[in-house]
Each structure stands twice: as structure tokens, then as C-alpha cells.
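Below you'll find the structure, written out as C-alpha cells, and then a few comments.
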Amino acid sequence: MKRTPFYEIHLELGAKIAPFAGYEMPIQYDGIIVEHKRVRESVGVFDVSHMGEFRVSGKDALGFLQKLTVNDVSKLTPGRAQYSAMCYEDGGIVDDLLIYNLGDSYMVVVNAANIEKDFEWMKKHLDGDVNFENISDEVALLAVQGPKSLLTLQKLTGVDLSQIKYYHFVKGKLAGVDMIISRTGYTGELGFELYFEADPEICKKVWTAVMEAGKEFGIGPAGLGARDTLRTEMGYMLYGNDIDQTTNPLEAGLDWIVKLDKGDFIGRESLLRIKNEGLKRKLVGFTVVDERIPPRHGYEIFKDGDKVGYVTSGTFSPILEKGIGMGYVDIKFSNPGERISVNARGKELTAVIVNLPFVPNRAR
């Protein structure tokens with residue numbers, strides 16, 4: 001089991017540690033609801049150094065990434081990040097990811113549980129003048145998220161953070177450390193992700209500086225538990241739950257990142273066929289009516305007694321104070337306002353399909 005360079009800090013803070021994607025990770029510190037509301041109302045800090053990072057360079061780097069991903073990497077100018085995905089030939093999803101254009105190279109950020117699988121998949125398709133490296137163990141990653149995140153971090157850098165647009169980044173110093181300062185996140189709040197050297201001493205320096213800078217705003221750490229409830233409220237997908245090898249980007253509502261007209265890429269022909277034939281199911285969001293019981297991954301969804309789908313993610317929303325979930329349902333039952341029922345271990349939960357996100361997205 002691996003540990004991030006912040007592991008000792010988590011222990012000192014009394015975090016509840018549990019295995020996740022091959023790492024010993026903090027699940028919670030003060031409680032999931034406390035940490036969730038901290039991020040929604042002020043500012044919270046996540047150690048997400050378990051995420052994977054690959055460096056792609058060489059004169060054929062752009063062509064390589066174009067072939068492997070569904071979005072149009074040619075639109076990605078230096079200083080910008082792009083949300084994308086890789087697909088198998090049949091349109092199933094290998095992983096969802098971020099691509100950063102660093103000017104002289106690209107950085108691909110992948111899900112922690114998929115690092116090895118993704119690296120092998122990409123390596124298998126190497127072609128031309130491309131240098132491809134797994135730099136995951138060299139990179140520390142902190143996500144500083146919440147409405148007070150900018151005010152917190154601005155104290156620590158000469159970079160004007162208010163000028164960094166959503167899905168843009170700069171290279172600069174923060175807390176005296178060289179890093180990538182990125183206006184991205186997984187919470188739906190104003191926030192930044194900080195990429196820097198995974199040295200425990202440097203990590204302690206940055207963590208301490210950020211916590212000191214945010215003290216007046218009630219800053220605190222947040223674990224993977226709150227990360228999951230926050231992303232669910234936003235309708236953000238989690239690989240292994242909402243998307244995987246058996247799902248395609250079109251039925252998952254990711255058609256906005258699938259650029260079928262950009263030229264050939266792995267899975268394009270299958271996705272084109274799926275689009276032309278019409279979707280048979282769709283990933284939807286739903287809220288539970290008159291019950292505080294949260295739906296859970298794997299629960300079956302019914303309509304008038306017939307099974308029409310299954311839950312992929314579910315939780316109790318600390319903001320809405322009700323159960324919320326996402327799941328795949330037959331396309332004819334996917335419209336907002338449709339009433340469905342969820343079998344929660346024998347108890348029937350009445351639910352209604354709603355537009356995502358569940359709460360307003362303030363990240364932009």
C-alpha cells in the first residue's frame with residue numbers, strides 16, 4: 001500500500017485512514033458533512049496526490065493524444081487544461097482525464113485506480129516521435145476548493161489568481177515553491193489544484209502555509225468522503241461507478257467532449273454508430289422524495305414495477321438535506337420530472353428525475 005507525501009500530516013490531524021486505489025488515504029477528519037459544508041461555504045484542502053500524471057512530449061505528441069482521446073487536443077493552447085476521455089474500440093470508456101498543455105509538453109492526469117491500466121493502454125498505442133513517462137510518484141497534488149480559496153492562496157503568491165480563468169493554469173511560485181496553479185477542481189466551487197514536487201518537506205511547507213493563510217476563513221482539511229459527496233451534488237462522474245468499460249460517453253452525457261468531426265480516434269466509429277442508431281439508455285440524476293435514506297451504487301431502479309435501470313452513485317446531500325443519486329435508465333424514462341422507484345435493500349424509495357447539477361455550479 002502506497003502513501004502520499006502528506007501521510008504524516010494526515011496522521012497528526014487524526015484523519016480516518018483507509019485503503020483507496022492502492023493508497024492509504026484520509027477519508028475524513030472532522031466528519032464528512034462538516035468538511036462538505038466547509039468547502040461549500042469557505043475553503044477546504046484535499047490531498048489528491050494519489051492521482052496519476054503522465055508526461056507526453058516529442059513532435060508527434062499532439063497526434064498521439066488526438067488518436068487516444070475523444071476531445072480535440074488541437075484546440076488546447078499553452079496554459080489551458082481540457083477535460084477528455086479515452087475509449088476502447090467499442091466505445092467503452094478506458095478512463096476520463098485532464099490534459100494540460102505545458103507548452104513544450106503535455107501532462108495527462110488520470111484516475112488513481114487506473115494509473116497502471118491507462119499507462120499500458122497508452123504505451124500500447126505509441127507511434128512516431130513521442131516520449132511518454134509516468135511521473136505520478138514525482139508529483140504532489142493539493143486541491144484548495146471553496147469560495148474563499150482565491151483569497152487564501154492570493155496571500156502566498158505574486159501571481160494574480162483572479163486572472164486565471166476556469167480550466168486555465170499558470171506556472172509560478174506559491175509559498176515559495178515552483179508549481180502549476182490550475183483553476184480546476186472536482187467540487188463545483190471556485191478552486192485551484194496545485195501540482196508540485198512530491199518531497200515531504202516541500203509538501204509540509206506548502207500545506208502549513210496554505211492552512212495559515214486560510215485560518216481567518218475557517219480553512220480545514222477535507223477527505224475523500226467529502227470529495228465524493230461534493231462531486232455527487234455536482235453530477236460529476238466517478239470512474240468505476242458512473243462510467244467504465246461497459247458505458248460510453250454519449251449515454252453518460254459526455255457528448256460535449258466527444259468531437260466526432262476532429263478526425264480519427266480510437267472508438268470513433270463505434271460512437272458514430274451509437275449516435276446514429278440512437279441511445280438506448282441515459283445517465284440521469286434523481287432526488288429521493290420524502291425520505292432521508294440515500295440511494296447506493298448497485299440499487300435497482302423501477303418504473304411501474306418493471307426494472308428500468310440501476311443506481312451508479314448516491315449519497316445524502318448535506319446541502320439539499322435529501323437523498324440524491326445518479327443512474328442509468330431506459331431512454332424513454334430519462335426525462336426530468338419522471339417519477340421512478342429505487343429498491344433500497346427491500347425498501348422502496350420514490351424518486352424524481354431532475355436536471356444536473358443538483359446544486360449550482362460556482363466553479364466558473
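The values are calculated or read from the model by the stated rules, or taken from the named source; none is laboratory data. Owing to the predicted nature of the structure, the values given are computational and were not obtained by experimental measurement. Backbone-built Cβ (ideal geometry, glycine too); neighbour counts: all protein chains shown. Each accessible area value is taken on the protein alone, full model and side chains, heavy atoms only, with ligands, DNA and RNA left out. Shrake-Rupley method; radii C 1.70, N 1.55, O 1.52, S 1.80 Å.
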Of (1) open to solvent by less than 30 Å² (accessible area, probe 1.4 Å); (2) under 18 Å from Glu269 (Cα atoms), Ile99 satisfies every one except (2)
Considering region 216-229, residues that are of a type in the set (A, V, I, L, M) and open to solvent by less than 10 Å² (accessible area, probe 1.4 Å), and then whichever is nearest to Ile32 (Cα to Cα), we arrive at Ala226
task: Might you check whether a residue that is without any contact (Cβ under 8 Å) to a residue 12 or more places away in the chain and either open to solvent by 30 Å² or more (accessible area, probe 1.4 Å) or in a strand (DSSP E or B) (or both) occurs anywhere in region 277-287?
output: yes
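Residue by residue, here is whether (1) closer than 30 Å to Leu11 by Cβ; (2) at pLDDT below 95; (3) surrounded by fewer than 18 Cβ atoms within 10 Å (Cβ to Cβ) holds:
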| position | (1), (2), (3) |
| --- | --- |
| Ala175 | yes, no, no |
| Ile180 | yes, no, no |
| Thr184 | yes, no, no |
| Glu197 | yes, no, yes |
| Val210 | yes, no, no |
| Arg231 | yes, no, no |
| Pro249 | no, no, no |
| Ala252 | no, no, no |
| Lys259 | no, no, no |
In region 56-90, residues that are open to solvent by less than 10 Å² (accessible area, probe 1.4 Å), over 17 Å from the mean Cα position of the chain (by Cα) and small (Gly, Ala, Ser) total 1
> Do we find a residue being closer than 30 Å to Asp255 by Cβ and open to solvent by 50 Å² or more (accessible area, probe 1.4 Å) anywhere in region 34-55?
Replying inline: yes
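Looking only at helices (runs of 4 or more DSSP H) that lie completely in region 1-89, which have at least 3 residues being modelled with pLDDT of 95 or more and under 30 Å from Leu271 (Cα atoms)?
So the answer is 61-68.
Please go through region 132-169 and pick out each residue that is free of Cβ contacts under 8 Å to residues at least 40 places away in the same chain, touching a helix residue (DSSP H, G or I) at 6+ places or on another chain (Cβ under 7 Å) and open to solvent by 10 Å² or more (accessible area, probe 1.4 Å).
In the first step, residues of region 132-169 are kept if they are free of Cβ contacts under 8 Å to residues at least 40 places away in the same chain; the result is 154, 157-165.
Going one step further and asking which of them are touching a helix residue (DSSP H, G or I) at 6+ places or on another chain (Cβ under 7 Å), we end up with 154, 161-162.
Matches in region 132-169: Gln154, Ser162.
If only one of Gly323, Gly309, Gly337, Gly298 is under 15 Å from Gly235 (Cβ atoms) and either not acidic (Asp, Glu) or not in a strand (DSSP E or B) (or both), which one is it?
On the way: Gly309 fails: under 15 Å from Gly235 (Cβ atoms); Gly337 fails: under 15 Å from Gly235 (Cβ atoms); Gly298 fails: under 15 Å from Gly235 (Cβ atoms).
Result: Gly323 is the single residue among Gly323, Gly309, Gly337, Gly298 that is under 15 Å from Gly235 (Cβ atoms) and either not acidic (Asp, Glu) or not in a strand (DSSP E or B) (or both).
Within region 309-323, is even one residue among the aromatic types (Phe, Trp, Tyr), buried (at least 20 other Cβ atoms within 10 Å of the Cβ) and closer than 25 Å to Ala226 by Cα? Even if it seems obvious, please write down each step before you answer.
Going through region 309-323, the residues among the aromatic types (Phe, Trp, Tyr) turn out to be 310, 316.
Subsequent filtering for residues that are buried (at least 20 other Cβ atoms within 10 Å of the Cβ) retains none.
No: region 309-323 contains no residue that is among the aromatic types (Phe, Trp, Tyr), buried (at least 20 other Cβ atoms within 10 Å of the Cβ) and closer than 25 Å to Ala226 by Cα.
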Of (1) of a type in the set (D, E, K, R); (2) over 16 Å from Val352 (Cα atoms); (3) in contact (Cβ under 8 Å) with a residue 24 or more places away in the chain, Asp261 satisfies every one except (3)
Exactly one of Ile93, Ile115 is modelled with pLDDT of 95 or more and open to solvent by 10 Å² or more (accessible area, probe 1.4 Å), and that residue is Ile115
